[in-house]
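Asker: Supplied in structure tokens, the structure appears directly below.
The values are calculated or read from the model by the stated rules, or taken from the named source; none is laboratory data. For clarity, every value in this text was computed on a predicted model and none was experimentally measured. Methodologically, a virtual Cβ is constructed for each residue, glycine included, from the backbone with ideal geometry; neighbour enumeration extends over all protein chains shown. Only protein heavy atoms, including side chains, enter the accessible area calculation; ligands, DNA and RNA are left aside. Shrake-Rupley method; radii C 1.70, N 1.55, O 1.52, S 1.80 Å.
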Amino acid sequence: MIDVAAWDGLLRCHVDDRGRVDYATWQRQGAAELEGWLADQRPFDPEPDSSAEAMALWINLYNALVIRQVLARFPLASIRPTIAAVPNWPAFLAFFSRPVISLQGQPLSLNRIEHAILRPRFGDPRLHFALVCAAVGCPLLRPEAYRAERLEAQLEEDALRFLQHPHKLRFDPVNGRLFVSRIFQWYRHDFLAVAPSIAAYVGRYRPELALPADVRLSYLPYDWTLNG
């Protein structure tokens, strides 16, 4: 069993119940402990089975590596930097595509963990409510680690919390339009693999919206401001 006590303690110390991260304090007081926890993960098998423990480990690892990257660059206003008010796309893409850890000789980037391991192996769209990219538009970071014995409940809580957030989803019944996070646009196929439509997926968690079958979708602006 993977020991997540140190990671759990760091989250409880530096993340509030609104998913905001105290990066300044974490950088001063917890960066070395985070490095130590990440170093302890390196001997594990990078090809575990599709168990709840493996899924929880990969989610924890992804989120921890995002935090480490932010701490290495802090202070910063966003993981999408700008040059003369123009987004610096190469730097932004490098944040996700550059290798950030090596496990048993395999260099892994955030993109590889998400798109080559988590999504194809587990096929659970609730991952998109658990993986946190350090932006306000992302899901809220939980102030606790993911654990195998609680993973199902945690993912359900994450999905409901995301879909109840007015900046991530809202419904205009007058115009019959559902405004959703761009996460539903970027990962549309993941959601459609388990539901006949985006509206049907949303309806599982928000039945009180009584979404009509012909509801129209619009995508909300994505806020790349740091979740600090």
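Asker: If Leu141 satisfies every condition in (1) crowded, with 21+ Cβ neighbours inside 10 Å; (2) over 11 Å from the mean Cα position of the chain (by Cα) but one, which is the exception?
Answerer: (2)
Asker: Would you please name the residue that is modelled with the lowest pLDDT, looking only at residues in region 78-98 that are farther than 22 Å from Arg142 by Cβ and open to solvent by less than 80 Å² (accessible area, probe 1.4 Å)?
Answerer: The residue in question is Pro87.
Asker: Do any residues in region 105-121 that are over 16 Å from Leu93 (Cβ atoms) have Cβ atoms under 7 Å from those of residues that are open to solvent by 60 Å² or more (accessible area, probe 1.4 Å) and among the hydroxyl-bearing types (Ser, Thr, Tyr), where the two are at least six apart or on different chains, and which pairs are they?
Answerer: Short answer, once both residue conditions are applied: Arg121/Ser50.
Asker: Filter region 190-228 down to the residues that are exposed (fewer than 15 other Cβ atoms within 10 Å of the Cβ) and touching a strand residue (DSSP E or B) at 6+ places or on another chain (Cβ under 6 Å), then identify the one that is farthest from Glu114 (Cα to Cα).
Answerer: The residue in question is Arg216.
Asker: Pick out, from region 157-228, the strands (runs of 3 or more DSSP E) lying fully within it that include 1 or more residues that are of a type in the set (S, T, N, Q).
Answerer: 216-219
Asker: So, one more: Condition test on Ala54, is it buried (at least 18 other Cβ atoms within 10 Å of the Cβ) and of a type in the set (Gly, Ala, Ser)?
Answerer: yes
Asker: I've got another one for you. Taking Arg68, is it in a helix (DSSP H, G or I), surrounded by 13 or more Cβ atoms within 10 Å (Cβ to Cβ) and free of Cβ contacts under 8 Å to residues at least 12 places away in the same chain?
Answerer: Criteria not met by Arg68.
Matching residues to (1) within 17 Å of Ile67 (Cβ to Cβ); (2) touching a helix residue (DSSP H, G or I) at 6+ places or on another chain (Cβ under 7 Å):
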| residue | (1), (2) |
| --- | --- |
| Phe122 | no, yes |
| His128 | no, yes |
| Ala134 | yes, yes |
| Glu157 | no, no |
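Asker: Give the number of residues within region 163-209 that are free of Cβ contacts under 8 Å to residues at least 12 places away in the same chain and among the aliphatic types (A, V, I, L, M).
Answerer: 4
Asker: Tell me the residue from Arg119, Arg112, Arg18 that is of a type in the set (D, E, K, R) and either loosely packed, with under 13 Cβ neighbours inside 10 Å or assigned to a loop (DSSP other than H, G, I, E, B) (or both), please.
Answerer: Sole residue among the options that is of a type in the set (D, E, K, R) and either loosely packed, with under 13 Cβ neighbours inside 10 Å or assigned to a loop (DSSP other than H, G, I, E, B) (or both): Arg18.
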